[in-house]
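Just below is one structure, and these are the notes that go with it.
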Amino acid sequence: MRLLASFSFRLALLYAALFTLSVSILLALFYWISIRRPIEQVEAGLIAESARFETLYREHGGQALVETLERRAELPAPRQAYHALIAPNGTVLATNLPSWPPEPSLRWLRIEADIYRDGEEYDHEALVLDRRLADGARLMVGRDVQDIDDLDEGIRVGALWLMPVMALLVIAGGGLMSRAIGRRIDAVGTTARRVMAGDLSERIPVRGSGDDIDRLGETLNAMLERIETSVESVRRVSDSVAHELRTPLTRLQAELNALNAASPERRTALIESAAEEAERLARMFDAVLRISRIEAQRHQPEMRRVDIAALLEDAADYHAPQAEERGLALDTRIQSGLEIVGDRDLLFQAVSNLLDNAIKFTPPGGRVALSAIRAEDGIALRIADTGPGIPAEHREKVVERFFRAPAAETVQGFGLGLSLVAAVAKLHGSTLRFSDAGPGLAVDWTLPARSG
Amino acid sequence: MQILLIEDDGRVADYVGAGLREAGHIVTHAGDGKAGLIQATAEQYDLIILDRMLPQVDGLTILQTIRATGDATPVLLLSALGDTDERVKGLRAGGDDYLAKPFVLSELVARAEALGRRAPGLAEQAVMRIADLEIDLLGRIVRRGGQRIELTSREFRILDYLARHAGRVVTRSMLLEHVWDYHFDPQTNVVDQHVSRLRQKIERGGAIPLIETVRGAGYRMRTGA
């Protein structure tokens, strides 16, 4: 059944059941307090009285008991006393009850004991304990319980009235609740369907009340935001890849086409150039894949203790001839004994990319400085150069794949180097900050002493 | 060398096989993991080139099976998964070297020859001699024609590695991996500049060149006289 499958309907049913159960429990409790308990008290009193009278009868005889019973009946009491004492031979020795069952029932009786006063009839009901005494005499002692009976009657009538009212409340309340929840769940569903249909900018309406469903909506919206950004970035990357592919593929095609008509020496050159082009393409794809894998945390980093000071020295050493060739000074100021937990190869790759960029972009005669010091929150790495720097408006974008700042047009590269650095930084729980070194670019990278 | 090539892609197998044969090796090709495993246990090879991703039996499983039998034949893993963590997995499983697809044939041949069991090259000695070049590994002293040459420790390690593989091609990435001991993809290959500095030092004064550049592949150190 569709209705049963609906969560809001089931919730409404549950609500009805809980509501009914609560009201029933309340009624039962009320009944017990106002009816059962007083009756039990009266019963306890009657049992005690009856036992006392039995003793009296046994020790002092019928006459003594008759006198006691008659005195008891005349004594003003909140509950009028009733009694009947019948001798073994059937003679009624004393009573103020109008009637009783002919046979002793040996249990609790209810006997009508209406009172006529000033020509008016007052209903009275007596709760009577009917016993047989040792010599066969029958003793009935009772008390008026009309007030309790009236209340009982009232409660029963009330409960009878309460039923339809309760049913009405349950249906109306459940329905309203089910609709309210259903509508809010539907809103989520509608949004989800629109998103599925392709509109990733759709968001779940949030009331701002901060309740559960609102919070759920906010979480889902945050998720949608995240998905939209990553889909957007995937789209941008695939667009860029496609775009970046055109030039090398065109060149490759041209070189291969030219092969037929080429002279033997030219052929060798063409083949070499084509092979280089293909290798370049493969490297570009590798780089894109690598960044994606690191970003998606699909790369299982080899996290272990890394002597970052030694790693930085190695990186500087690796790039030293490159800097020298460009006529740059490569200065290092690395505090010794710096250690972090991280992926050694990826860290080296990242530092190497940063140094490579700094060296490529700094004009001859300039300076590239690599420094690392122990900072409060980890290890502060800084690579500064005296190149053109990155204009403030591009600083956010430089880590995007294939983004190349206008100044980079003359420098060869894919525009992937910094994306990889950013991915590695993120993998190590850190971020990169680009700033103006006045003149030049400064990259600050604080590596947490313990990451990953 | 007797080389067993376990590779499911026919075109890659043809290309690799032809390249290795051209370099003078005998190549047996197995087209899937099962056949490869049977071949590997049936015969003694000097080198096994193993594709990481194979139908039926996965390359790593084959490698582990081979190693479990106590067979220490050098294994060069080929894989389309070029990431460092994949590389580490391959080496942990008992691989000796790892080459990511796509690769240049010369790179594969160079690595295969560096790994091969019956590969020539200088035996482990305290002092290696190539022509009039003398490398004292313990004292870390290099002499050319009796003349002492001052090298930085990095230059010494490059020379050491080239000398150990004398007569064979050493590619730039092999140098990166073994001399720098980092697996990374350099934005700019500065290895050439390091080698040329080394060359300048050991070939100073018109001495005969000992380190030759192999086009499209890497470097080769001349052997003996």
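The numbers here are math on the coordinates, done by the rules we state, and not lab data. Here the structure is a predicted model, which means the values were calculated and not measured. Quick reminder, even Gly has a Cβ in these numbers, built from the backbone with ideal geometry, and neighbours come from all protein chains shown.
Rank the residues B:T69, B:T223 as a footprinting-exposure proxy: fewest other Cβ atoms within 10 Å of their Cβ go first. It would help to have the intermediate numbers written out before the result.
Details: B:T69 9, B:T223 15.
Lowest count first: B:T69, B:T223.
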The stretch A:68-139, Cα convex hull volume normalised per residue, Å³: 104 Å³
Calculated from DSSP H runs of 4 or more alone, at -39500 (n - 2.57) each and per residue, what is the 222 nm mean residue ellipticity of chain A, nearest 500? -19500 deg cm²/dmol
Debye intensity ratio in log₁₀ form over the Cα atoms of the stretch A:231-321, taken at each q of 0.13, 0.16, 0.18 Å⁻¹: -0.74, -0.88, -0.93
Once you treat every alpha carbon in chain A as an equal point and sum by Debye, what is log10 I(q)/I(0) at q = 0.11, 0.12, 0.14 Å⁻¹? -1.01, -1.07, -1.24
Lys and Arg at +1, Asp and Glu at -1: add these up for the other residues within a Cβ distance under 9 Å of A:M140 and post the number. +1
Please state, rounded to one decimal and in Å, the Kirkwood hydrodynamic radius that the stretch B:1-103 gives when every pair of distinct Cα atoms enters the mean of 1/r. 13.3 Å
If amide H atoms are modeled at 1.01 Å from N in the peptide plane, then the residues at a separation of 5 or more from A:V306, or on another chain, having amide H under 5 Å from its own are A:I340, A:V341, A:G342
Would you work out if the stretch A:292-366 is rounded, prolate or oblate? Take a ≥ b ≥ c from the square roots of the eigenvalues of the alpha-carbon gyration tensor; rounded if a/c is under 1.5, else prolate when a/b is larger than b/c, oblate otherwise. oblate
Using a 10 Å cut-off around each Cβ, can you sort A:D214, B:D51 from fewest to most neighbouring Cβ atoms? A:D214, B:D51
Rounded if a/c is under 1.5, else prolate if a/b is larger than b/c, else oblate: which is the stretch A:261-313, with a ≥ b ≥ c the root eigenvalues of its Cα gyration tensor? oblate
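Give me the Kirkwood hydrodynamic radius of the stretch A:145-201, using the inverse of the mean 1/r over all pairs of distinct Cα atoms, in Å to one decimal. Let's see the in-between values first.
Working: mean 1/r = 0.0658 Å⁻¹.
In the stretch A:145-201 this quantity evaluates to 15.2 Å.
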What is the Cα coordinate range of chain B on the first, second and third principal axes, sorted by size from largest, in whole angstrom? 59, 36, 30
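Just checking the output field for A:313-324: average partner chain Cβ neighbours within 10 Å of each residue's Cβ?
Values: counts 0, 4, 3, 0, 6, 11, 5, 6, 9, 8, 2, 2.
Average per residue, whole number: 5.
One quarter of the convex hull surface, Cα atoms only: what value does that give for the stretch A:80-230 in nm²? Could you put the intermediate results ahead of the total?
Numbers: hull surface 75.9 nm².
Directional mean of the projected Cα hull area for the stretch A:80-230 stands at 19.0 nm².
With viscosity set to 1.306 mPa s at 10 °C, what whole-number translational diffusion coefficient in µm²/s follows for the stretch B:43-163 from Stokes-Einstein and a Kirkwood radius over Cα pairs? Present the calculation step by step, with values, prior to reporting the outcome.
Working: Rh = 16.7 Å.
Estimated diffusion coefficient is 95 µm²/s.
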For A:K397, which lysines qualify as cross-link partners when the Cα separation must be under 22 Å and same-chain residues fewer than eight apart are set aside? A:K360, A:K426
Using a Cα-Cα cut-off of under 18 Å, which lysines could be cross-linked to B:K89, ignoring same-chain neighbours fewer than 8 residues away? B:K101
Only bridges whose two residues both fall in chain B count here: according to DSSP, what percent of them are antiparallel, nearest 5? 50 percent
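Going by C-beta contacts inside 10 Å, put B:M128, A:M223 in order with the fewest on the left. The partial results should precede the final answer.
Values: B:M128 21, A:M223 10.
Taking fewest neighbouring Cβ atoms as first place, the list is A:M223, B:M128.
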Distribution of pairwise C-alpha distances over the stretch A:350-452, 5 Å bins, in %: 2, 13, 23, 27, 19, 10, 4, 1
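Tell me what chain B gives for mean residue ellipticity at 222 nm when only DSSP H runs of n ≥ 4 count, each as -39,500 (n - 2.57), the sum divided by the residue total, rounded to 500 deg cm²/dmol. If you can, show how the numbers build up before the last one.
Values: 8 runs with 81 residues, N = 225.
Mean residue ellipticity, 222 nm, calculated: -10500 deg cm²/dmol.
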